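The values are calculated or read from the model by the stated rules, or taken from the named source; none is laboratory data. Keep in mind that what you see is a predicted model, and the values were worked out from it rather than measured. Here the Cβ positions follow ideal geometry from the backbone for every residue, glycine too, while neighbour counts run over all protein chains shown. Areas reflect the complete protein model, heavy atoms only, side chains present, ligands, DNA and RNA absent. Shrake-Rupley method; radii C 1.70, N 1.55, O 1.52, S 1.80 Å.
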Amino acid sequence: DVLKPTDVAAMSYRGHAVYIAKGGDLRLMIAELYGKATGCARGKGGSMHLVAPEAGVLGASAVVGTQIPIATGWALAAKKRATGQVVTCFFGDGATEEGCWAESLNFAALHRVPILFVCENNGYAIHEPLSKRWATTRLCERVATYGIPTCRIEDQDVFAIREAALRAVSAIREGAGPAFME
């Protein structure tokens, strides 16, 4: 596996797959979706606020981009505590338009925190295509200006994605600091 059980993941309101892949309890997730008190957020979070600290799931945020600074802070804490944890933060392309995105990238690079930023870029934020939102689609180029290594995978090849993630996480574990995948 690329991530260890002790590693941490942060995600947005579409983080069901991350929750399950990281080891979140499926029964607790389904109970949460039905608003039951036995759910992972005691039935109060619903589909958009899945959480499983016991599995290393920081929790999903329904506000665009807010998981990014939280994950970056967790990565700083992991570095300071020397836990060996890697934090992986999943978000959509719309989150890269939030101010906290640039601030978090700069902070992560400056402090060389153990975080992998993963942008699941589907080319839309809300209902607006990239061509109407970005002057350039070269997101990796923008990230690289912070001195963060980047990788872009366009063909959705799950094996290529896994290999790229493994390379990035291995470098992070060796102290290289943050990395970015699109």
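If you take every DSSP beta bridge whose two residues both sit in the chain, what share of them, in percent to the nearest 5, is antiparallel?
Numbers: 3 of 21 bridges.
Looking only at bridges with both residues in the chain, the antiparallel portion is about 15 percent.
Per residue, how large is the accessible surface of the chain? Use a 1.4 angstrom probe and give square angstrom. It would help to have the intermediate numbers written out before the result.
On the way: 9870 Å² over 182 residues.
Normalised by residue count, the accessible surface of the chain is 54 Å².
Tell me, what ³J(HN,Hα) does each residue in segment 94-104 have, in order and in whole Hz, if you take phi through Karplus 6.51 cos²θ - 1.76 cosθ + 1.60 with θ = phi - 60° and put x for Gly and Pro?
Coupling constants for segment 94-104: x, 5, 6, 9, 8, x, 5, 5, 5, 4, 5 Hz.
So what are segment 74-169's ellipsoid semi-axes, whole angstrom, largest first, if each one is the square root of 5 times an eigenvalue of the alpha-carbon gyration tensor?
Numbers: eigenvalues 116, 58, 27 Å².
Three semi-axes, in Å: 24, 17, 12.
Could you state the number of Å between the C-alpha centres of segment 160-182 and segment 1-72?
One Cα centre to the other: 22 Å.
Give me a comma-separated list of calculated 3J(HN,Hα) values for segment 65-74, in order, Karplus coefficients 6.51, -1.76, 1.60 applied at θ = phi - 60°, integers in Hz, x for any Gly or Pro.
Here the 3J(HN,Hα) series is x, 5, 6, 5, x, 5, 5, 5, x, 5 Hz.
Which of Leu3, Gly56, Cys119 sits farthest toward the positive end of the charge dipole of the chain, with +1 on the Cβ of Lys and Arg and -1 on the Cβ of Asp and Glu?
The listed residue farthest towards the positive side: Gly56.
Roll a 1.4 angstrom probe over the protein heavy atoms and tell me the percent of accessible area of the chain that is carbon or sulfur.
Values: 5530 of 9870 Å².
Of the solvent-accessible surface of the chain, carbon and sulfur hold 56 percent.
Report, in debye and to the nearest 20, how large the dipole of the chain comes out about its Cα centre when Lys and Arg carry +1 and Asp and Glu carry -1 on their Cβ. All intermediate terms of the calculation are to be shown ahead of the outcome.
Details: 19 positive and 18 negative charges, 109 e Å.
Around 520 debye, computed over the chain.
First select every other residue whose beta carbon is under 11 angstrom from the beta carbon of Pro178; then total the charges, Lys and Arg +1, Asp and Glu -1. Could you put the intermediate results ahead of the total?
Working: positive: Lys79, Arg112; negative: none.
Taking every other residue near Pro178 into account, the sum is +2.
Assuming 0.36 nm per residue, please report the length gained on full extension of the stretch Glu97 to Arg42 beyond their Cα-Cα distance.
Details: separation 55, 0.36 × 55 = 19.80 nm, distance 3.19 nm.
16.6 nm is the gain from fully extending Glu97 to Arg42.
Can you pull the accessible area of Ser61 for me, 1.4 Å probe, Å² to the nearest 10?
Rounded to the nearest 10, the figure is 20 Å².
How far, in nm, would the chain grow between Arg152 and Glu128 when pulled straight, counting 0.36 nm per residue and subtracting the alpha carbon separation? Mind dumping the intermediate values first?
On the way: separation 24, 0.36 × 24 = 8.64 nm, distance 2.15 nm.
Roughly 6.5 nm would be gained on extension.
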